[in-house]
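Remarks on the structure that follows.
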Amino acid sequence: MKTIDITRTEILKRYKPIESDTHKGTQGHAVIIGGSYGKMGSVCLASKASLMSGCGLVTGYIPKCGYNIMQTFLPEAMVITDINEEFISKIRIGFTPDAIGIGVGMGQDRQTKRALYQFLKSNTSPLVIDADALNILSLNREWLLELPKKTILTPHLKELERLIGKWESEEEKFEKTQALSQTLEVIIVMKGAPTYIFDGDTIYKNTTGNSALATAGSGDVLTGIITGLLAQKYNPTDAAISGVYLHGLTADLALSETGHQSFIASTIIEYLGKAYLSIEREIGHG
């Protein structure tokens, strides 16, 4: 099974430098849908990562219990609250975002499941689907048919297993994942060490990152980065490839200062600027 390594050269082909006359309205508006009582950290991290990826505007769609948390944690983001206090029960955004990331910390309440289905039926924005949204889809497999082409799914291995079933070998895991990508015409980011991206017939293997990324919230940050890039008009394949590369690069850049043990999800966000600068330096030398 042939794979393409995601190297610095591949990223430079896809990278979009910021234009000198840009403003927040031209840098994309992302919405992060998620959170539930006790799990607001995930949507806060994903939203901050979207902003730090270069996205001009970010709105969190969250249950009411998270309003003060998110406004305090991330004053740069806007907030829309669900009618429900502790979990998402209806999704009414009121405008069409440039990209949406959904699922982080969302939980699987019966009303949340129904809200996800209604959302998928009506949504027209490019999508990144993670965490509980993936788990809900794995329990309602016919809903997968509602996904727009080139939707990005970002499962870790347990979430992937729920989607494609158990596998007996690495080869079978790859075959089943590729088959799902081809059948649904979606992009699957198989999170792991290393992370692979499946885009129909093509598989990409990331070359950045280390075991410091094995920390709570790391996947939420990745969802935020990819959603932010998607909102900035990166095509879905390039958003997934660039997002995974940048996410891993932060760990490579930080490791000498943080060590493995003290690297947390917030560190990924903190080092995103350095990751971008390291790419831009190469453009300057080109």
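Any read-out appearing in this document is the output of simple, stated calculations on the displayed coordinates, not a laboratory observation. Quick caveat: nothing in here was measured; it's all calculated off a predicted structure. Cβ sites come from the backbone with ideal geometry, for glycine too, and all protein chains shown count toward neighbours.
State the Cα centre-to-centre distance between region 56-72 and region 82-124 in whole Å. So the separation of the two Cα centres works out to 14 Å. On full extension, the segment bounded by Ile283 and Ile18 gains 94.1 nm, given 0.36 nm per residue less the C-alpha separation. Counting other Cβ atoms within 10 Å, which chymotrypsin sites (Phe, Trp or Tyr not before Pro) in region 94-174 have at most 14 and lie in a DSSP loop? Those that pass, being in a loop and sparsely packed, are Phe95. For region 3-281, calculate the relative contact order in percent as a whole number, restricting contacts to Cα pairs under 8 Å that are 6 or more residues apart. Normalised by residue count, the contact order of region 3-281 is 21 percent.
Shown for the chain are the DSSP H helices of 15 Å or more along their axis, judged by Cα atoms, with a mean Kyte-Doolittle hydropathy of at least -0.5: 40-52, 218-231, 236-258, 272-285. What does the C-alpha gyration tensor say about the overall shape of region 145-261? Classify as rounded when a/c is under 1.5, otherwise prolate if a/b is larger than b/c, or oblate. Oblate. Quote the charge dipole size of the chain about the Cα centre in Debye, to the nearest 20; the model charges only the Cβ of Lys and Arg (+1) and of Asp and Glu (-1). Computed about the Cα centre, the dipole is about 500 debye.
Taking all Cα pairs closer than 8 Å and separated by 6 or more residues, the relative contact order of region 135-286 comes to 19 percent.
Taking chymotrypsin sites (Phe, Trp or Tyr not before Pro) across region 34-90, the ones in a DSSP loop with at most 16 further Cβ atoms lying within 10 angstrom of their Cβ are Tyr37.
Ranked highest first by the average count of other Cβ atoms within 10 Å around their residues, in what order do 155-164, 5-14 fall?
Per-residue mean Cβ counts within 10 Å order the peptides as 155-164, 5-14.
From its DSSP helices (H runs of at least four residues, each -39,500 (n - 2.57)), the chain gives a residue-normalised ellipticity at 222 nm of -14000 deg cm²/dmol.
Decide, for region 3-281, between rounded, prolate and oblate: order the square roots of the alpha carbon gyration tensor eigenvalues as a ≥ b ≥ c, take rounded if a/c falls under 1.5, and otherwise choose prolate if a/b is larger than b/c, else oblate. Rounded is the answer for region 3-281, as its axis ratio a/c remains below 1.5. Taking amide H positions as modeled 1.01 Å from N, with prolines and chain starts lacking one, the residues under 5 Å from Ile203 and 5 or more places away or on another chain are Ile4.
With Cβ to Cβ distances under 10 Å as the rule, what net charge do the other residues near Val186 carry (K, R +1; D, E -1)? Summing Lys and Arg as +1 and Asp and Glu as -1 gives 0.
Among the trypsin sites (Lys or Arg not before Pro) found in region 219-286, those both in a DSSP coil and sparsely packed, with 16 or fewer other Cβ atoms within 10 Å of their Cβ, are Lys233. Applying a threshold of 32 Å to the alpha-carbon distances of Lys64/Lys173; Lys2/Lys121; Lys205/Lys274; Lys39/Lys166; Lys64/Lys274; Lys64/Lys166 flags Lys64/Lys173; Lys2/Lys121; Lys64/Lys274; Lys64/Lys166 as lying beyond it.
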